[in-house]
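K.L.:
Take a look at the following structure, please.
Each reported figure results from applying straightforward, stated rules to the coordinates on display, with no laboratory input. Remember, predicted model here, so these are calculated numbers, not experimental data. Don't worry about glycine lacking a Cβ; one is built from the backbone with ideal geometry, like all the others, and counts go over all protein chains shown.
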């Protein structure tokens, strides 16, 4: 079955530490890939997206993500986390050839310790 | 000027009532969506409209009825509200090309 999985429900990191949030997908063809962030009580903001080309994608707020076809993964990274990065992070996909239906993973809640 | 605006932001109502949530976008996008976020933060698409035409209708109880008077507006009407309808409802819009979703800030619906 087609799915997008975020294995980590919660992650806690210290401020200044590096961060990696995992995302795996299971689709016949590589879908279009996205990362969104939801701050408490807020809507969803697009961090970055991957359609094709360079497998390392730069986004806003110092985030980047790496697409690895062999692992069906699209992990989000940040070299040095700030306290304001505490939020819920969602990986999302749009299947190729399937219109523009955005399907979300279950989310990873990031806590930042000062 | 908010790109995708939803009203109200909070809605508390009793079981059995009928309520509506309104959404407007000023981005000129052709497609609009409703998503439901449950208490575990899981986001699931409910409906999408393209230029006033329904194109996605997921498995949603027929108590939920979307209405799109024009391509800038997509309202969600819910009849006979149940406790399980309590959630945050997000409106979104997108242009025709893939991705490019812009989300509203959500409506927190609490059914008591």
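K.L.:
So, in nm, how far is label residue A:71 from label residue B:27 when the simple model puts each one 7 Å beyond its Cα toward the Cβ?
P.N.:
Distance between the two pseudo-spin positions: 3.1 nm.
K.L.:
Out of A:38, A:71, A:58, any idea which swings most in a Gaussian network model of chain A, alpha carbons joined below 10 Å?
P.N.:
With Cα springs under 10 Å in chain A, the top fluctuation among A:38, A:71, A:58 is at A:71.
K.L.:
Here is a follow-up. If all Cα-Cα distances of chain A are sorted into 10 Å bins from 0 onward, what percent lands in each bin, rounded to whole numbers?
P.N.:
Taking all Cα pairs of chain A, the binned fractions are 15, 50, 29, 6, 0 percent.
K.L.:
Here is a follow-up. Contact order normalised by length for region A:5-114, with contacts defined as Cα pairs under 8 Å and 6 or more residues apart; what percent is it?
P.N.:
38
K.L.:
Would you please give the FRET efficiency between residue B:83 and residue B:51, computed as 1/(1 + (r/R0)^6) with r the Cβ-Cβ distance and R0 = 41 Å, to the nearest 0.05?
P.N.:
Rounded to the nearest 0.05, the efficiency is 0.70.
K.L.:
Using a Gaussian network model of chain B with C-alpha springs under 10 Å, which one of B:22, B:41, B:67 is most mobile by mean-square fluctuation?
P.N.:
Its mean-square fluctuation being the largest, the pick is B:41.
K.L.:
Here is a follow-up. Within a 10 angstrom radius of each residue's Cβ in A:64-70, how many Cβ atoms of other chains show up on average? Whole number is fine.
P.N.:
That average works out to 0.
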